[in-house]
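Report on the following structure.
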Amino acid sequence: MMRILAGLKAAYPDADCALKHGSALELLVATILSAQSTDEMVNKVTPVLFAAYPNAAALASADPADVERIVHRTGFFRQKTKSIINACRMIVERFGGEVPQTMDELTQLPGVARKTANVLLGTWFHKNEGVVVDTHVGRLAHRLGLTWTSKDEKDAVKIEQDLMQIIPREEWTYVGHALIQHGRRVCSARKPNCVGCNLNKHCPSAFAFGEE
């Protein structure tokens, strides 16, 4: 794992969250919107949303139809709108209008599971409580041999637990961001660029994809 970590740091020394945000709330909302969407699309939508609703109280009392109109392009907009508004209501009513800073409290918010909580804790609060496991991280964990789950296993929590056992805690947040970048730029789902990958010497799956 340390050789893989060194390779990631060489390729992505400044790996960070691609979602634009200026507060914990903005990152929370952006992360909820990013499900089944692209960061690029979310980054186009959130400035409009936050201009109209600048804080948790404003979003908590927002008209769902207005929020749906703004976030429509991110997909699954009705459920995302419901999650955002209900999460903000809980933030206002239970947490004094401030996004909570613990895994237990964050995962009580509607629409927030471990992945979203890890994004908030690591990126904004600088707390390494876990590893973000999205589709890119899950795919690369299998290809790089970093998880003991089968290649068809999609349980992000199981994969995360495996990663947490082999990655130094102080690197949990960084590794999540770096693997996401590597998955987007080099180790794509259909046609991974093994020739151009600086991790290929340490990857048990290197050059095994043919013409997929």
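The values are calculated or read from the model by the stated rules, or taken from the named source; none is laboratory data. What you see is a predicted model, and the numbers here were worked out from it, not measured in a lab. In this analysis, Cβ positions are derived from the backbone assuming ideal geometry, glycine residues included, and neighbour counts consider all displayed protein chains. Side chains are part of the model used for accessible areas, which takes the heavy atoms of the whole protein and leaves out ligands, DNA and RNA. Shrake-Rupley method; radii C 1.70, N 1.55, O 1.52, S 1.80 Å.
Some points to look at:
- Search result, residues across segment 69-102 that are open to solvent by less than 100 Å² (accessible area, probe 1.4 Å) and part of a loop (DSSP other than H, G, I, E, B): Gly75, Gly96, Gly97, Val99, Pro100, Gln101, Thr102
- Among the residues of segment 31-55, those that are surrounded by 15 or more Cβ atoms within 10 Å (Cβ to Cβ), among the hydroxyl-bearing types (Ser, Thr, Tyr) and within 17 Å of the chain's Cα centre (by Cα) comprise Thr31, Ser34, Ser37, Thr46.
- Tally, over segment 203-212, of residues that are hydroxyl-bearing (Ser, Thr, Tyr) and surrounded by fewer than 12 Cβ atoms within 10 Å (Cβ to Cβ): 0
- Residues within segment 103-123 that are open to solvent by 40 Å² or more (accessible area, probe 1.4 Å), farther than 24 Å from Ser61 by Cβ and under 14 Å from the mean Cα position of the chain (by Cα), tallied: 3
- All told, Asp162 meets the bar of being more than 13 Å from Ile4 (Cα to Cα) and outside any loop (DSSP other than H, G, I, E, B).
- From Val137, Val133, Val157, residue being touching a residue at least 24 places away in the same chain (Cβ under 8 Å), in a loop (DSSP other than H, G, I, E, B) and within 21 Å of Gln36 (Cα to Cα): Val133
- Within segment 30-42, residues that are without any contact (Cβ under 8 Å) to a residue 24 or more places away in the chain and under 22 Å from Asn86 (Cα atoms) sit with their Cβ atoms under 8 Å from residues that are open to solvent by less than 10 Å² (accessible area, probe 1.4 Å) and part of a helix (DSSP H, G or I), at 6+ positions apart or across chains, in these pairs: Ala30/Val42; Ala30/Thr46.
- Single unsatisfied condition, Leu8 versus (1) part of a helix (DSSP H, G or I); (2) farther than 18 Å from Val133 by Cβ: (2)
- In segment 133-181, residue surrounded by the most Cβ atoms within 10 Å (Cβ to Cβ) [restricted to those that are within 22 Å of Asn198 (Cα to Cα) and in contact with a Phe, Trp or Tyr (Cβ under 6 Å, 6 or more places away or on another chain)]: Ala178
- Residues located in segment 182-202, provided they are open to solvent by 30 Å² or more (accessible area, probe 1.4 Å), closer than 25 Å to Asn118 by Cβ, touching a residue at least 40 places away in the same chain (Cβ under 8 Å) and outside any helix (DSSP H, G or I): Ala189
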